[in-house]
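One structure is given here, and the rest of the page talks about it.
The values are calculated or read from the model by the stated rules, or taken from the named source; none is laboratory data. From a predicted model like this one, the values you see are computed outputs, not experimental measurements. Note that each Cβ is placed from the backbone with ideal geometry, even for glycine, and that neighbours are counted across all protein chains shown. The protein model used for the area step is the full one, side chains on, heavy atoms only, and it has no ligands, DNA or RNA in it. Shrake-Rupley method; radii C 1.70, N 1.55, O 1.52, S 1.80 Å.
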Amino acid sequence: MKTICFTLLFFLSFTLANAQGIKPYIAILKTQNGKYKGILYKVDSVNAILNHDGEFIKVPISEIKTVQIRTIKKGYKGTSFIKIGEDRAEEYKMNTAGKMVDKWGKEEPGLKEDAAATAYSVVFTTLANAIAMPIHAINPNLARFNFNKIDQNKLNELSYYSIYYQANPNVLAELKQLKSISASFKP
């Protein structure tokens with residue numbers, strides 16, 4: 001019964017993962033010779049293959065010291081916090097005295113107030129975006145792998161983040177792993 005439940009759970013999660021599509025991850029590989037950065041394309045028993053600006057880089061697994069996995073972030077898009085030059089015809093109505101007022105009785109701002117609001121809006125929006133941009137640029141690690149000695153489990157975990165594995169998952173190996181986990185599970 002446990003095996004059936006785990007198998008159904010696995011296929012449900014597998015279906016959800018496929019529905020989400022393939023998600024590329026940035027890998028930063030530190031080796032004895034230097035540092036390589038690119039989209040993790042494939043991991044096998046000999047090499048880790050990165051895609052760096054359309055060029056494939058093979059890095060031998062035996063040379064890798066650490067691997068950092070990060071998500072790809074979209075560029076920062078500035079935000080306008082105070083709207084300028086909006087049409088206020090719907091907000092203000094003519095009162096009995098012939099002045100334009102809003103629903104609370106406040107008069108429509110004049111040219112000086114509009115110019116001041118525009119200037120403050122530009123300054124405030126620039127400052128807010130200058131503060132928000134570096135915060136948005138922070139990209140923490142999703143996973144970190146140390147390769148002091150080559151471990152097949154670490155290679156398997158690392159390969160989960162590769163584009164190749166996401167497109168061609170090894171379902172039989174995953175089922176065997178779930179079966180071994182469920183065999184050791186005792187309620």
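Overview of results
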| item | result |
| --- | --- |
| Residue within the range 158-179 that is at pLDDT 75 or above and loosely packed, with under 10 Cβ neighbours inside 10 Å present | no |
| In the range 93-144, residue nearest to residue 159 (Cα to Cα) [restricted to those that are open to solvent by less than 60 Å² (accessible area, probe 1.4 Å) and of a type in the set (Ser, Thr, Tyr)] | 125 |
| Selected residue (criterion: modelled with the lowest pLDDT) from residues of the range 1-54 that are among the small types (Gly, Ala, Ser), part of a helix (DSSP H, G or I) and open to solvent by less than 80 Å² (accessible area, probe 1.4 Å) | 17 |
| Single unsatisfied condition, residue 78 versus (1) of a type in the set (Gly, Ala, Ser); (2) within 28 Å of the chain's Cα centre (by Cα); (3) at pLDDT 80 or above | (3) |
| Selected residue (only one of 183, 132, 97, 119 is in a loop (DSSP other than H, G, I, E, B), out of contact with any strand residue (DSSP E or B) (no Cβ under 9 Å at 6 or more places or on another chain) and of a type in the set (Gly, Ala, Ser)) | 97 |
| Criterion violated by residue 155 - all others in (1) in a loop (DSSP other than H, G, I, E, B); (2) surrounded by 12 or more Cβ atoms within 10 Å (Cβ to Cβ) satisfied | (1) |
